[in-house]
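Everything on this sheet refers to the single structure shown next.
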Amino acid sequence: MDFSLLTKRTDFSLSSYLPKLEKTLHSYGFEISIQEKIKQHSTNVQSAFQKGNSLVHLIKIFALEAPVSGFPSNALIKIKFEIDIDPPKDAGFEKKYKLLPQLYSVTIYDRPSLFAGKLHALLCRNWQRREKGRDFYDYIWYLQEKVPVNLHHLEVRMRQSGHWRQSESMTLQSLKTMLIDRFENVDYDLIKQDVLPFIPNPKVIEIWSREFFIAVTNEMLPAV
């Protein structure tokens, strides 16, 4: 799971939030343990744009000893999430309110900014022969939903990761050019294989091809 601060805070620590999290999970019959580390350097293992100084946490949620919890003693949930403590600027936000499992509100990126983040992943991941087909699937979803892309936020993201070095600002046309170049050099069999386990109907991706992605990009990609 990926999280982001609203503004840069290199002194951020999850520890101040843990007591409430522990108390809430305990009320449902669970305990937690958390391992925390700081990525000091960029790495190509998972992505080309993974920057240093991201907080990485591995949360393990496990059942209390029976019969207190009512859950099997071997019940275990592992959640890995990262917190960006130096978030790229020019993002838009919205607040959501939820009723379950208890009343709460959460601030999230708005759709144009989320689309910018997805485009950053689509353009900048460097998995070589391990293409992430889910990036392509999500890209089509944003186009179908007619979500405009927050170009300013995308530009800041790409400058921060070193993938946009031009002095001029990013335009919709320059974005389309980058995307088309990306789609010209994709192994579509690989991206289909990656996404197949996650979709109920394989026929929906049969059309995926160089021609398809270039056509929908030219015709449907909107910008804020």
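The values are calculated or read from the model by the stated rules, or taken from the named source; none is laboratory data. Predicted model only: the values in this text are computed from it and were never measured. Glycine also receives a Cβ, built like all others from the backbone with ideal geometry; neighbour counts cover every protein chain displayed. These area figures cover heavy atoms from the full protein model, side chains too; ligands, DNA and RNA do not enter into them. Shrake-Rupley method; radii C 1.70, N 1.55, O 1.52, S 1.80 Å.
Specify the residue that is nearest to Met220 (Cα to Cα); the eligible residues are those in region 109-126 that are touching an Asp or Glu at 6+ places or on another chain (Cβ under 6 Å) and open to solvent by 30 Å² or more (accessible area, probe 1.4 Å). Spell out how you get there, then give the answer.
Start the filter on region 109-126 by keeping residues that are touching an Asp or Glu at 6+ places or on another chain (Cβ under 6 Å), which leaves 110, 118, 121-122.
If we keep only those that are open to solvent by 30 Å² or more (accessible area, probe 1.4 Å) as well, we get 110, 118.
Details: Asp110: 19, Lys118: 16 Å.
Restricting to residues being touching an Asp or Glu at 6+ places or on another chain (Cβ under 6 Å) and open to solvent by 30 Å² or more (accessible area, probe 1.4 Å), the top hit is Lys118.
How many residues does region 130-170 hold that are under 21 Å from Glu206 (Cβ atoms), under 18 Å from the mean Cα position of the chain (by Cα) and open to solvent by 80 Å² or more (accessible area, probe 1.4 Å)? So that I can check it myself, show each step before the final result.
Of region 130-170, the ones under 21 Å from Glu206 (Cβ atoms) are 131-144.
After this cut, where a residue has to be under 18 Å from the mean Cα position of the chain (by Cα) as well, the list is 131-143.
From what is left, the residues that are open to solvent by 80 Å² or more (accessible area, probe 1.4 Å) are 134, 137, 141.
Qualifying residue count for the region: 3.
Residues of region 32-56 being hydroxyl-bearing (Ser, Thr, Tyr) and either modelled with pLDDT of 65 or more or open to solvent by less than 80 Å² (accessible area, probe 1.4 Å) (or both), which ones? Show your work before the answer.
Within region 32-56, the subset hydroxyl-bearing (Ser, Thr, Tyr) is 33, 42-43, 47, 54.
Hits for region 32-56 are Ser33, Thr43, Ser47, Ser54.
Would you check which residues across region 1-31 are under 17 Å from Val106 (Cα atoms), open to solvent by 90 Å² or more (accessible area, probe 1.4 Å) and over 25 Å from the mean Cα position of the chain (by Cα) and list them?
Lys20
Looking at Gln102 and the list (1) over 23 Å from the mean Cα position of the chain (by Cα); (2) modelled with pLDDT of 85 or more, which single condition is not satisfied?
The number of the failed condition is (2).
Could you check region 117-213 for helices (runs of 4 or more DSSP H) lying wholly inside it with 3 or more residues that are modelled with pLDDT of 95 or more? So that I can check it myself, show each step before the final result.
Working: elements: 133-144, 151-161, 172-184, 188-195.
Once the helices (runs of 4 or more DSSP H) in region 117-213 are filtered for at least 3 residues that are modelled with pLDDT of 95 or more, what remains is 133-144, 151-161, 172-184.
For region 187-223, name all the residues that are surrounded by fewer than 17 Cβ atoms within 10 Å (Cβ to Cβ), under 22 Å from the mean Cα position of the chain (by Cα) and within 23 Å of Met158 (Cβ to Cβ).
Pro222
Is it fair to say Glu22 is at pLDDT below 80 and in a loop (DSSP other than H, G, I, E, B)?
Details: at pLDDT below 80: yes; in a loop (DSSP other than H, G, I, E, B): no.
Taking the combined requirement at face value, the residue does not satisfy it.
Return the pair list, or none, for Cβ contacts closer than 9 Å from residues in region 166-184 that are free of Cβ contacts under 8 Å to residues at least 40 places away in the same chain to residues that are assigned to a loop (DSSP other than H, G, I, E, B) and of a type in the set (D, E, K, R), at least 6 apart or on different chains.
Between residues of region 166-184 that are free of Cβ contacts under 8 Å to residues at least 40 places away in the same chain and residues that are assigned to a loop (DSSP other than H, G, I, E, B) and of a type in the set (D, E, K, R), the close pairs are Ser174/Glu168.
Looking at region 166-224 only, could you name the residues that are within 19 Å of Gly133 (Cβ to Cβ) and of a type in the set (S, T, N, Q)?
Asn185, Gln193, Asn201, Ser209, Thr217
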